[in-house]
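A.B. asks: Following this message is one structure expressed as structure tokens.
Since every read-out is calculated from the coordinates, none of them should be taken as a lab result. The shown structure was predicted, so the numbers you read here are calculated from the model rather than taken from an experiment. Quick reminder, even Gly has a Cβ in these numbers, built from the backbone with ideal geometry, and neighbours come from all protein chains shown.
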Amino acid sequence: MQERITPARRLSGSICLPGDKSISHRYAMLAAIAQGDSTIHNYSTGADCHSTLACMAALGAEVVESGADVRIRGRGLTGLTAPRSDLDAGNSGSAIRMLSGILAAQPFTSRIAGDESLARRPMDRVMKPLGEMGASISARDGRYPPLEIRGSKLRPIDYTLPVPSAQVKTCVLFAGLYADGATTVREPVRSRDHTEIALREFGADIQTRQRVITLTGRPKLAGRELFVPSDLSSAAFFIVAALLVPGSNLVIRGVGLNPTRSTLLDVLVSMGAGISILNVEQQNGELVGEVLVKGSTVVRGGVIEKETTAALIDEIPVLAVLGAATEEGLTVRDAAELRIKETDRIATVAQNLRRMGIDVEESPDGMRIPGKQRFRAAEIDSFGDHRIAMAFSIAALVATGPCAINGAEAASVSFPEFFDVLRQVTA
């Protein structure tokens with residue numbers, strides 16, 4: 001599918017975006033292994049999170065969808081049943097990595113696979129700790145999906161993550177739910193803590209001290225009524241759009257402001273962006289508020305590196321677009337993980353920037369983009385990657401003329417309504 005994007009004069013209005021993908025995945029998995037009913041409001045509309053729902057239903061949980069609300073009747077910690085066929089994680093690395101922790105403890109063998117893109121993404125980072133806990137997992141070439149997981153009785157471990165990864169942390173903690181005793185995960189850099197918050201909401205005994213998380217196994221999880229805040233990663237595209245287009249004035253309501261995710265806002269404000277946070281409250285342990293963005297300020301640019309890169313890894317494609325329009329440009333370092341996302345996002349970002357006449361210098365773990373550049377109208381390729389499709393739709397808003405986004409349907413993986421909302425705020 002091709003989308004044609006014309007330059008925008010301004011962005012304005014007040015919008016509410018679909019639920020956070022990271023939180024939606026976790027709530028669905030925990031609801032399925034809790035006792036009783038859970039209702040999840042504002043569940044993500046993205047295909048990835050619906051792959052998770054399909055997997056939990058295939059494992060025996062009762063899943064009923066009604067618009068953006070999902071009701072899940074959990075089976076309890078030991079109540080899941082063997083799926084009749086392979087579990088399909090679609091395009092979702094989150095689904096396959098996190099769910100593997102639950103599957104590793106089941107009294108049956110399961111296979112979990114995904115689409116062509118997921119089949120190229122390495123899984124050894126979860127296979128290693130699960131193996132230490134007693135799981136038996138085989139994979140194509142020893143590290144790629146499909147995974148065959150032969151469930152077994154698991155033992156607790158004290159595991160230090162070799163690199164920051166909320167997905168791997170979650171996988172180990174989910175497996176730790178089934179182990180007798182305390183499972184500990186140590187993080188080199190603090191990663192998003194949605195899993196710790198969600199586990200507490202469902203009734204697990206979990207303690208966090210600095211970057212050490214300890215979970216007591218075999219808890220009794222209870223179904224809950226839960227609200228998923230709007231996804232800050234999805235909001236990032238509209239925040240950058242409003243900063244790029246002069247005269248914009250945009251309010252994004254109900255956005256998740258978890259401190260382990262709000263680095264995006266901190267970094268943009270430090271660069272001079274006109275962003276204000278309003279009406280902050282707490283819902284199910286997560287901070288939620290409104291983000292007001294004004295496109296009348298000069299954004300300086302700067303350097304993203306070390307732990308900041310880890311915190312912003314999903315937002316780097318759209319931040320690279322913003323970088324070309326900043327005063328000083330943008331340098332990204334320590335982002336080698338981008339090479340093994342849905343695409344090699346360093347390469348695909350650089351290729352599309354060059355198509356739009358933007359100078360960019362690639363490095364093995366990042367890129368450097370000089371500032372004060374102007375986007376040329378061009379034909380853009382999503383390469384089947386949702387974040388590339390959306391990031392360059394934002395770039396098209398300030399191009400010299402209309403742009404064509406080929407493979408625009410990739411956006412539906414995380415944000416099916418993206419182009420409708422974009423038209424709404426630029427009308």
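A.B. asks: At 0.36 nm per residue, and after removing the present C-alpha to C-alpha distance, how many nm does the segment from Val298 to Gln282 gain when stretched out fully?
C.D. replies: So the extension gain works out to 2.6 nm.
A.B. asks: Just to confirm the number: angle between the C-alpha axis of helix 166-176 and the first principal axis of the chain, 0 to 90 degrees, nearest 10?
C.D. replies: Result, in degrees: 10.
A.B. asks: With each pseudo-label sitting 7 Å past Cα toward Cβ, what's the Thr208-Ser136 distance in nm, one decimal?
C.D. replies: In this crude spin-label approximation the distance works out to 3.6 nm.
A.B. asks: From Cα coordinates alone, what are the radius of gyration and Dmax values for the chain in angstrom?
C.D. replies: Answer for the chain, Rg first and Dmax second: 21.0, 62 Å.
A.B. asks: Of the listed pairs Lys153/Lys220; Lys169/Lys294; Lys153/Lys306, which have alpha-carbon separations greater than 27 Å here?
C.D. replies: In this structure, Lys169/Lys294; Lys153/Lys306 exceed 27 Å between Cα atoms.
A.B. asks: Taking 0.36 nm per intervening residue step and subtracting the Cα-Cα distance, what contour gain separates Arg423 from Glu305 on full extension?
C.D. replies: 39.1 nm
A.B. asks: Using per-residue counts of other Cβ atoms within 10 Å, averaged over each peptide, order 66-74, 229-237 from highest down.
C.D. replies: 229-237, 66-74
A.B. asks: Rounded to the nearest 0.05, what FRET efficiency do Ala347 and Arg150 have when you use their Cβ-Cβ distance and R0 = 45 Å?
C.D. replies: 0.75
A.B. asks: So how do 165-176, 321-332 stack up, highest first, on mean other-Cβ count within 10 Å?
C.D. replies: Put in order of decreasing packing, that is 165-176, 321-332.
A.B. asks: Looking only at the range 21-227, where both bridge partners belong to it, what percent of the DSSP beta bridges are antiparallel (to the nearest 5)?
C.D. replies: Bridges in the range 21-227 that DSSP calls antiparallel: roughly 75 percent.
A.B. asks: Also: Could you tell me what percent of the DSSP beta bridges with both partners in the chain are antiparallel, to the nearest 5?
C.D. replies: Once the DSSP bridges in the chain are tallied, antiparallel ones form about 70 percent.
A.B. asks: At 0.36 nm per residue, and after removing the present C-alpha to C-alpha distance, how many nm does the segment from Glu225 to Arg9 gain when stretched out fully?
C.D. replies: 73.6 nm
A.B. asks: So what's the gap between the Cα centers of the range 30-50 and the range 267-297, to the nearest angstrom?
C.D. replies: Their Cα centres are 26 Å away from one another.
A.B. asks: If each of Arg333 and Arg143 carries a label point 7 Å out from its Cα toward its Cβ, how far apart are those two points in nm?
C.D. replies: About 2.5 nm separates the two model spin labels.
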